[in-house]
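Following: one structure in structure tokens, then a few remarks.
The values are calculated or read from the model by the stated rules, or taken from the named source; none is laboratory data. Just so you know, these numbers come straight off a predicted model, no measurement behind them. Positions of Cβ are generated from backbone atoms using ideal geometry, with glycine treated the same way; all protein chains shown enter the neighbour counts.
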Amino acid sequence: MTQNRTLRQLIDEICSTIGPRASGSSKEAQAVSFIEDELREAGLETWHEAFSMKRRGLQGSILFASVTWI
């Protein structure tokens with residue numbers, strides 16, 4: 001993320017290029033990758049923390065990933 005780009009510009013780019021991101025979807029994975037790349041470009045360290053969650057009314061679990069930075 002360059003200093004010239006605002007958070008609003010990044011959100012607009014995610015929404016216009018990736019679009020809706022349902023949990024566990026490939027679009028969500030694209031958004032995670034995009035955000036991770038932006039944070040790394042800004043010099044921040046990132047890592048994935050995978051977890052699963054059961055959805056109400058559905059059987060099985062969905063694998064989620066979050067990007068965390070310090």
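Identify the residue in segment 44-70 that is of a type in the set (V, I, T) and part of a strand (DSSP E or B) and, among all such residues, is modelled with the highest pLDDT.
The first filter runs over segment 44-70 and keeps only residues of a type in the set (V, I, T), leaving 46, 62, 67-68, 70.
With part of a strand (DSSP E or B) added as a condition, the list becomes 46, 62, 67-68.
Working: T46: 88, I62: 54, V67: 60, T68: 57.
My answer is T46.
Can you name the residue in segment 1-43 that is modelled with pLDDT under 85 and of a type in the set (V, I, T) and, of all such residues, is surrounded by the most Cβ atoms within 10 Å (Cβ to Cβ)?
Across segment 1-43, the extreme among qualifying residues is T6.
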